[in-house]
Each structure stands twice: as structure tokens, then as C-alpha cells.
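Any read-out appearing in this document is the output of simple, stated calculations on the displayed coordinates, not a laboratory observation. Source: prediction; values computed, not measured. A quick note on method: Cβ atoms are made from the backbone with ideal geometry, for glycine too, and the neighbour counts reach across all protein chains shown.
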Amino acid sequence: MLSNQAGDGKRESLHGNWSSKMAFVLAVTGSAVGLGNIWRFPYVAGESGGGAFVLVYLLCVVVIGMPVMMSEVLIGRRGRRNPVATMELLGQEEGSSRNWRLIGLMGVVGGIIILSYYSVIAGWTLAYVVKSATGVFVDATAPQVVGVLEAFKAHTGTVAFVHTLFMGLTIFVVARGVERGLEQAVRFMVPALLLMMLVLLGYSVTSGSFAHGVEFLFTPDFSKLTWGVVLVAMGQAFFSLSVGMGAIMAYGAYLPEETSITGASATVVAADTGIAILAGLVIFPLVFANGLQPDAGPGLVFQTLPLALGQMPGGAFFSTVFFVLLAFAAWTSAIGLMEPAVAWVVESFNKTRAQAAIAVGGLIWLLGFASVFSFNLWSDFTFFRGTIFDNLGFLANDIMLPLGGMLIAIFAGWVMCRNSTADELGGTGGAYKAWRFAVRFIAPIGIFLVLFFAIKGVVVA
């Protein structure tokens, strides 16, 4: 068994530490900001009451998302091991059961499942970078843009190739370790992502429909604010921060002792929310400028936006920038999804980072072909929620993640003693009391409602 006990009694990470608070913030922000943030949040906000939804969403982020994120970070730093070992170790130290390790294991498995299908869609962004750069969408009609996507999905070899390429890029970064791999990657990609988004925002402002986009996103319409919308806001707040799947716990294990968990988490939440809002300000003015209708999900990104950008001056360049942005967002999220499993393999089987990354990445790559084939060879094979791709998404996103997040909140709030959590959060002042109340009562109840209605099919978060 590998030891991570320091001379002063404090545990040390076996994988190294982030060099600074900013490195941690960039890593967690990169993990949190993914494809779903960019295409889902703006649409849901616009269709669910605009500013009214945004207000509810921000409230849910503060009282549900951030407390669970802080819990996951403090658990990770307290244990200083992979999520499975951390939950087992802390469960025993807190006088409870070693079976809490199952939460960590669920996070590891959930990350593997999510990345298996996420990598396939992320591969599409790589293909669309090339298509945009070569002018495929310039002056294209709506049927032509739809035809490009359908032809692409139907070509099994091409979809498999970009899935393979994306997984190769992810394995490369994770294999290099915390400081040489994860930290170097996010130090470049997250600022680059923000810069590209600001460039696109400037372009969007010149579209002639910027005011319409702002109105769609922010004008409060409280008549649309139903309990169903509140549940959607809860779900969006939870999922947008990527909590509940072990990535934040793994990153927390590398967080230096002197770094404030509260401050770092608040910075991540602000960055994640800001980027989601920026995405809306980029996307909708372009959509409305071309008389198009906003659409949720991949249709917005791979059909509506290429069509809109293709009709505008400089569209080929800005379309390329947009898909490079999406690829970076997907890449940083994929690194976070893969890290818990790699850390577990390194610690449990005494393997090198490179060996663990290749083994885990290879498994994810193989599993990904079930999703690759869901769009072509196996597209007619449907059950329960639809294709294999649809069912994997439901299992991981709608069941495993909220269940994991709810149990993490319960563990931090009810199993860990006040001294342990106060030690990590820096005292028992007002901020600590607010966190403890939220993580014991508000967050578990809110997440349970999201989970319950997702299972019932009333709300799919």
C-alpha cells in the first residue's frame, strides 16, 4: 500500500499538488465548463422566464451547487487520495463505515460512462473545426447544413476516428500528471476559452440583434416560473458545476493546505456562471440575426449556429473559432472526468500515471463505440430512453451524478464531525454555519427532488 502520510501528521497527495489557488480554480472551472454549459444553459434560461430563471438559478447555485462543491473539495483534501480510498478512509476515521467508498466508486464508474459518450460528441467539435475552416458552411442553406450533420453521423469510420483522436488528446494530458499535464493544459486552455468567447461576443454585438438576445436571456417573465422550472434550475445549478462524479474530489486532493476552500469554490462558481451567461450573449444574437429559432442541445451547436455564422461576414473564421472553443471546453471537462479513475488505478495497483491513463483511456475508448454506433449502425436499436447513447446519458447524468452529489452532501454534513469540516473550511464562523446548514438540509432535499423527478420523467435535468 502506498503511503501518503507526511511527517507532521498531515496527509500528502501521492500525485503532487496544484502550484497555486489559481491553478486549482482553472482546473475546476475547466472541468465544470463543458458542452452542456454552452448550449443548454442559455436556451433553458430563455425558454423558462429569462431573468426570472437566472435569478432562481443563481439562488440554487449558492444554496445547492456551491455547498456540495465545497463538500467535495474538503473531502478530497482531507483524504488526499483517490475518491474511492478517500471515502473509505474518512468513513473509518469519522467512526462510520468503510462502505462509503461506494460513493467514490460510483463517481469513478460514472466518470468512465460519461466520458465514453461525451468523447464521441466532443469528437464532432474537432470535425466541425475542419469543416468550418474549409468554408463548408459559408452561404449554406438550412437543408445543406442539416445534410452535413446527417452525412457525418452516418459515416461510422469518421465518427470513430474523431472519437479516437479526442480520447488520445485526453490520455496524453492526464498521463503527464498534475503539474506537467493537468495544470499546464488548463493554464493555457481555460484563458484561451475565455478569450475566444470574448472575441465571439464582440462579433455577436455587431450582428444587429444583440438587444434581442439580451432580452431573450434576461427579461424576467415570472409567469413562466413554475415549480417545474424551479426544478430545472436546481438541476442546472447542480450539473453545471460537475459535482457528484469524483472529479472535484480528485482535484481537491491536490489542493494546498493554505488555500481557502470557500474562496476557491466561490471563484469557480462565479467563473462557471459567467461563462454560461457569456455563451448566451454570444449565441442568441447570432441566431436571431438570421431569423432562426433557438434550439436546445446539439441541434443548436451543429446546425443552427453553423447556418447563422455561414451567412455573416467573416463567418468561416468565427465559426472555426467557435468550434475550437467548444473543443477546448470539452477537452478540459474530459480531463476532469478521467482523473478519478486514473488516480484510483495508480494508487490501487501501483501503476505509473502513463500506464493508468492508457489503461483507463483504452477502456473508455472501447466503451465509446457503443455511442459511436448509436448514430449509425445501431441507430434502430432502441429501448427504455432511446438509443444506447441516450440510455448511458440517462444513467450517468440523471441517476448516478445526483445520487452521488446527494450522498456527498449527507456524508459531509452528517457523517463528518464539526471539527473535521471546520478544520478544512477555516473555522466555525457565519460562513461555516451557512455552509453546514445548506449541506445538511437544503442541498440533499433539493438534489433528491431533481433525482426523483428525473426518474419519474417529469423533469429531465
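Of the peptides 187-195, 65-73, 375-383, the order by per-residue mean of other Cβ atoms within 10 Å, starting with the highest, comes out as 65-73, 187-195, 375-383.
When the Cα centres of segment 199-226 and segment 374-433 are compared, how far apart do they sit, in Å? Between the Cα centres of segment 199-226 and segment 374-433 lies a distance of 31 Å.
Ordering Trp365, Trp227 from the fewest to the most neighbouring beta carbons within 10 Å gives Trp227, Trp365. Annotation: for a label point projected 7 angstrom from Cα along Cα→Cβ of Gln293, residues of segment 121-164 with backbone N closer than 17 Å are 142-143, 146. Inter-part distance, segment 227-265 to segment 143-189, computed on C-alpha centroids, equals 24 Å.
Relative to the longest principal axis of the Cα atoms of the chain, the long axis of helix 35-47 makes an angle of roughly 70 degrees. Of all aspartates and glutamates in the structure, the ones whose alpha carbon falls short of 18 Å from that of Lys456, not counting any fewer than 8 places away in one chain, are Asp390, Asp398. Peptide packing: for 10-18, 235-243, 408-416, the average count of neighbouring Cβ atoms within 10 Å per residue gives the ranking 235-243, 408-416, 10-18, highest mean first. Ranked by the mean number of other Cβ atoms within 10 Å of their residues, highest first, the peptides 52-58, 25-31, 351-357 fall in the order 25-31, 52-58, 351-357.
Ordered by the count of other Cβ atoms within 10 Å of each Cβ, fewest first, Thr267, Thr86 give Thr267, Thr86.
Straight-distance candidates among the aspartates and glutamates for linking to Lys224, with alpha-carbon spacing under 14 Å and chain neighbours fewer than 8 residues away dropped: Glu47. For an R0 of 22 angstrom, estimate the FRET efficiency from the Cβ-Cβ distance between Leu59 and Phe448 and round to the nearest 0.05. Given R0 = 22 Å and the Cβ-Cβ separation, E is 0.80.
Axis of helix 315-349 versus longest Cα principal axis of the chain: the two differ by about 20°, to the nearest ten degrees. Candidate values (i) 82, 47, 42; (ii) 65, 49, 42; (iii) 70, 52, 51 were compared with Cα extents along the principal axes in Å computed on the shown model; the agreeing label is (ii). Taking the number of Cβ atoms within 10 Å of each Cβ as an exposure proxy, the fewest-first ranking of Val148, Val372 is Val148, Val372.
In segment 205-323, the ratio of gyration radius to Kirkwood radius, Rg to Rh, stands at 1.06 when only Cα atoms are counted.
In terms of the Cα gyration tensor, with a ≥ b ≥ c the square roots of its eigenvalues, is segment 335-461 rounded because a/c is under 1.5, prolate because a/b exceeds b/c, or oblate? Here segment 335-461 falls in the oblate category. The angle separating the long axis of helix 401-410 from the principal Cα axis of greatest extent in the chain is about 30 degrees.
Ignoring lysines fewer than eight residues from Lys131 along the same chain, the ones with Cα atoms less than 27 angstrom from its Cα are Lys153.
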